[in-house]
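Report on one structure; see the data block that follows.
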């Protein structure tokens, strides 16, 4: 049941690292009464290893790296003694060099007394030089051989399936519950984010539409202002003309081409035709069915006091307006323009920046001026 992602694997790893050491300490503890003191055990280390000379592998390097080299180090020292210590008596030199070599080998054997993997390991030396660790392991020394501490704990934990499954089930249930709560909360937050995003998009879209509407209205108003400005220029020109030369009926075309009719009995007589194609009738009888749908006739027959729009053919518009000329007669003024003429449509039909009725009042006033002897041109006066 080894799993790198759970605590069982850690118990198994600890058991592999420490159980062998504990077993080594147990055996040493049990046999301690049969062992010699660690100092004597250390002193006999070369004698125990001298038997390994026969196990040497081939090669000088292997020999010097072996334990056998340590075991015969005193003998080598004794053999080389006469060369090294040539000044001493011959019987003293081998003895002194043997002792020196023996002491040097002790320096190499001493660390092995506390090495668990060494055959020279000695519990007494371990207790002396590694006392803190010895006390940590001491509690396990009196157990039976094979009664591993950590391995047994690992086996118990993994073999107790019911407890393990219960703990695992509880943990999984808790984790699943927490996960469900988190997912629920995440879903709720995502819903809020989506709603806010939708609201933001709607607000942005509405703002964009409102902004575009304002821009469009602004452009329309600027155009309409331009129409009014041009109209004022035309009126100013006409006023100066009236002052300088008087006014003629042809001067009434300040917006579009027009036709002007005067009612005499049951007939409308054309008294002006300016800026049109010239195909309109010069006389129109009110009872003539051919002209029944003409705007100029309908404003009279239907007694209309408001302008009347007529579309005689696609793309062309005629707006007819009936006027009283000082109670002495009735005129009908007809504006002729194409439906693409935005200026005329704005000022005469749509009540844009200036009310359309003011335009009709202006035309009415100009028509009245044209009949006032003070403002008639000399040419017009002669004609009359």
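So for the pair residue 179, residue 290, with labels modelled 7 Å out along Cα→Cβ, what separation do we get in nm? So the label points at residue 179 and residue 290 sit 9.5 nm apart.
If you plug the beta carbon distance of residue 279 and residue 209 into 1/(1 + (r/R0)^6) with R0 = 51 Å, you get a FRET efficiency near 0.65.
Taking packing as the residue-averaged number of other Cβ atoms within 10 angstrom, the listed peptides 219-228, 339-348 run from highest to lowest as 339-348, 219-228.
From most to least packed by mean Cβ count within 10 Å, the peptides 283-293, 113-123, 196-206 give 113-123, 283-293, 196-206. Our Cα-only numbers for the stretch 235-347 put the radius of gyration and Dmax at 14.4, 45 Å.
Remark: 294, 308 ranked as 308, 294, counting other beta-carbon atoms within 10 Å and listing the fewest first. Counting other Cβ atoms within 10 Å as a rough exposure proxy, the listed residues 96, 332 run 96, 332 from fewest neighbours to most.
The numbers here are math on the coordinates, done by the rules we state, and not lab data. Here the structure is a predicted model, which is why all the values come from computation and not from measurement. Cβ sites come from the backbone with ideal geometry, for glycine too, and all protein chains shown count toward neighbours.
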